[in-house]
Structures are given as C-alpha cells and as structure tokens.
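A.B. asks: Dropping the structure in here first, questions after.
The values are calculated or read from the model by the stated rules, or taken from the named source; none is laboratory data. Being a predicted model, the structure only gives us computed values, none of them experimental. Note: ideal-geometry Cβ built from the backbone for every residue, glycine included; neighbour counts use all protein chains shown.
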Amino acid sequence: MSFKFIKQLPIPEKIREQYPLPEALAKLKEKRDAEISDIIAGKSNKFLVIIGPCSADNEDAVCDYVSRLSKVSEKVKDKLILIPRIYTNKPRTTGEGYKGMVHQPDPEKEPDLFAGVIAMRKMHIRAIEESGLTAADEMLYPDNWRYLSDILSYVAIGARSVENQQHRLTVSGLEVPAGMKNPTSGDFSVMLNSVVAAQQGHTFIYRGWEVKTNGNSLTHCILRGSVNKHGQSLPNYHYEDLNLLLNLYNERDLQNPAVIVDANHANSNKQYAEQIRIVKEVMHSRILSPDINRFVKGVMIESYIEPGSQKISDHIYGKSITDPCLGWESTERLIYELAELNR
C-alpha cells in the first residue's frame, strides 16, 4: 500500500474531555440553536447572516473579527441573527493550497492533523467565550463532525461534497441546521435530493460503528452559483432562480422549505465587492414577493478585517489567505443595511 500511517488521532470524546465546552457556554449555544432553528422552521421573522472569513487561518484575527461582530449583533438583534463563519476545513478544487486549520494550524508549517484537531476546537471555544456568538463551519470530513458537534450552531455542506453519501447520511443525524450547497454544475435536483436524503433517518457505518439517525428536518438549500463547461461563473441568486427553487421545493414533500444565498463564490465570480450588491438584490426580491420572503431565510457573506486577499507569506493581520473578502468597514455598514431591509 502507498499509505503511510503517521499517527492515530484521538477519538472525539477524548478531545472533548481535554478541551470541554464550559457549562455556561453550552447553555448559550442551546439558546442560540433554538433561535436559529426557529428561523429555518418559519417560527421567527428574523434573518440569518452567516458571515466571516473564507478560511479561519489565525486564531487571534478570527476572534478579533468575531468580537467585532458581537458588538454589531447587539444593535441588530431584533432583525438579524449573525452567525460567524469559522471555517477550519477548506476544500481545494485541484487538491493544492491551504486546506484549513485542521490541516495546518500554522499555514507556513507542514500539515499536522493532531495539532489541527485541537487548534480548531480551542479557537471555536475561545470565539464563543469572547463574543457570545456560536458559529458555522463546513463539514468537509464527516468523521470530524464529533470534534465540534457540541460547539457549532450551523453546518454547511460544500458544492463538491453535496452528492457524497456519507455527508448526506451524517447530516441526517445532526440536531442543528445544515445547508446543502448546489453542486458546481448548478443542478438544483442534486441539491434537493441531498435535502431529501438528510431529512430522512438512516442506518449506516460511522467512525467504525453501526449507527441509526432520525433525520434532520432543518436541512435546507444554499445557492452559491455554478460553473459551466467553459469555466464561466453563472449566478443563481436572481428572483427567477429563487422562484424556480421554491416551485421545485413545492413539488417535493420536504419539511421547512428554506434557502440561504451565498453571495460569493460563483455568484460573485469571486469579485468580493459584488457581495454588497448581490445581498441587496436578494433582499429586494424578498420585498417583492411574500413567498420568496418566507422562503429565503438568510445570506452567506465572506468578510474579514482587511479587504481582499494575500499570499500566506505577506502576514497582513486579518486578511484572507484564500478567497478575497469584504473588509470590516464595508461589512459593518452592510449588516446595518440588511437590518433595515428585513421587513
């Protein structure tokens, strides 16, 4: 075999015992989970804003950013629920590049998965302690879910993972909202099939166990745009796209119809400043149509302290080392505008 077994990682239970979530923070998460779930289930008219860096590469900068979000959150809490993006796993289209904190706690050093599992848990706990906001992360590796299952309030399944059986079945056992992105091809049926699968209960193999799940009724769609055969980005956040997806939802027997619009990636053609215009258009669509207003539960925005992106070797504090992001000043202004537009 060409596999070289380096070291066996500790099971999630051991890591959770070593780095426990304090009881006060567990109660805070329970309250946040209920508030977020009520939005997906249509019991609350508040709007979700899932926002933060493309990749959480530096604990100090990430916690600084999330603490800034916390101050803004207090001012808009009657209209919006802010969920920080603390993404510690990064899918790479070609397999090259920075794969996230779980791979490299220090982006300039060699991969160390043992240290990475610990680093991502410590950062998530610190962020909650300093901000009072529980976060979202992407489930790139289903087997890693239990390292963070007592911490996260939202989970995203990426465009390259949404057709994967293990992702779908694992989501069926989650008790928090999980967003299924459309695949890079843009096929809505693939995304909806993933929601159908995750909303049902299953019996399958997970971490060497035979497990049984009850289904996750809070599983929903995320629109992130697509890429055609020529490599061109095609947006899918327009009024017509939202209406089409709603009609497709209505053809299926699904619980809690809901969609989140990802304003970056193929929707913006990775032109990060376009996110401002895109989320405003989404809010305008919600104003035009009561049905779309009920259907679109939130937006996803890539944002950090400094605008744009940098090379890993540049060492600019609070600037993305993966996809370019909005800077803090634009972010703060946009959040206040979204609160005004949530009607």
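A.B. asks: Of everything in the range 309-319, what is surrounded by 14 or more Cβ atoms within 10 Å (Cβ to Cβ) and touching a helix residue (DSSP H, G or I) at 6+ places or on another chain (Cβ under 9 Å)? Give them in sequence order.
C.D. replies: Gly318, Lys319
A.B. asks: Mind checking which pairs have a first residue in the range 28-50 that is part of a loop (DSSP other than H, G, I, E, B) and a second that is among the small types (Gly, Ala, Ser) and modelled with pLDDT under 95, Cβ under 6 Å, 6 or more apart or different chains?
C.D. replies: Close Cβ pairs satisfying both conditions: none exist.
A.B. asks: Identify the single condition in (1) surrounded by 15 or more Cβ atoms within 10 Å (Cβ to Cβ); (2) out of contact with any Pro (no Cβ under 6 Å at 6 or more places or on another chain); (3) over 28 Å from Thr93 (Cβ atoms) that Tyr249 does not satisfy, given that it satisfies every other one.
C.D. replies: Every condition holds for Tyr249 apart from (2).
A.B. asks: Pick from the range 286-308 the residues that are buried (at least 21 other Cβ atoms within 10 Å of the Cβ) and of a type in the set (Gly, Ala, Ser): which of them is farthest from Leu245 (Cα to Cα)?
C.D. replies: Ranking the qualifying residues of the range 286-308, first place goes to Ser303.
A.B. asks: As an exercise: evaluate Pro20 against (1) surrounded by fewer than 19 Cβ atoms within 10 Å (Cβ to Cβ); (2) touching a helix residue (DSSP H, G or I) at 6+ places or on another chain (Cβ under 8 Å); (3) not in a helix (DSSP H, G or I) and give the number of the one condition it does not meet.
C.D. replies: Checking Pro20 against (1) surrounded by fewer than 19 Cβ atoms within 10 Å (Cβ to Cβ); (2) touching a helix residue (DSSP H, G or I) at 6+ places or on another chain (Cβ under 8 Å); (3) not in a helix (DSSP H, G or I), the one that fails is (2).
A.B. asks: Something else now. Does Glu138 satisfy being modelled with pLDDT of 95 or more and under 14 Å from the mean Cα position of the chain (by Cα)?
C.D. replies: When the stated conditions are applied, Glu138 passes them.
A.B. asks: Continuing with this model, one more query. Quickly run through the range 159-185 and pick out the residues that are over 19 Å from Ala41 (Cα atoms) and either assigned to a loop (DSSP other than H, G, I, E, B) or among the hydroxyl-bearing types (Ser, Thr, Tyr) (or both).
C.D. replies: Matches in the range 159-185: Ala159, Arg160, Ser161, Val162, Glu163, Asn164, Thr170, Asn182, Pro183, Thr184, Ser185.
A.B. asks: Checking the conditions here, which among Ile11, Ile6 is exposed (fewer than 11 other Cβ atoms within 10 Å of the Cβ) and either β-branched (Val, Ile, Thr) or more than 12 Å from Ile128 (Cβ to Cβ) (or both)?
C.D. replies: Ile6
Yes or no, residue by residue, for (1) touching a Gly at 6+ places or on another chain (Cβ under 7 Å); (2) modelled with pLDDT under 95; (3) farther than 28 Å from Ile40 by Cα:
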position	(1), (2), (3)
Ile260	yes, no, no
Ala266	yes, no, no
Glu274	no, no, no
Lys319	yes, no, yes
Ser330	no, no, no
Leu334	no, no, no
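A.B. asks: Being in a loop (DSSP other than H, G, I, E, B) and without any contact (Cβ under 8 Å) to a residue 40 or more places away in the chain is the filter; apply it to the range 295-320 and report the residue that is nearest to Leu69 (Cα to Cα).
C.D. replies: Glu306
A.B. asks: Please go through the range 59-103 and give me each residue that is more than 19 Å from Ala156 (Cα to Cα), modelled with pLDDT of 95 or more and part of a loop (DSSP other than H, G, I, E, B), ordered by number.
C.D. replies: Lys77, Asp78, Lys79, listed by residue number.
A.B. asks: Right, here's the next one. So which residues in the range 109-143 are assigned to a helix (DSSP H, G or I), among the aliphatic types (A, V, I, L, M) and either farther than 18 Å from Glu17 by Cβ or touching a helix residue (DSSP H, G or I) at 6+ places or on another chain (Cβ under 8 Å) (or both), if there are any at all?
C.D. replies: Of everything in the range 109-143, those that are assigned to a helix (DSSP H, G or I), among the aliphatic types (A, V, I, L, M) and either farther than 18 Å from Glu17 by Cβ or touching a helix residue (DSSP H, G or I) at 6+ places or on another chain (Cβ under 8 Å) (or both) turn out to be Leu113, Val117, Ile118, Ala119, Met120, Met123, Ile125, Ala127, Ile128.
A.B. asks: I'd like to know if the range 215-227 contains one or more residues that are more than 18 Å from Ser194 (Cα to Cα) and of a type outside the set (A, V, I, L, M, F, W, C).
C.D. replies: No, because not a single residue in the range 215-227 is more than 18 Å from Ser194 (Cα to Cα) and of a type outside the set (A, V, I, L, M, F, W, C).
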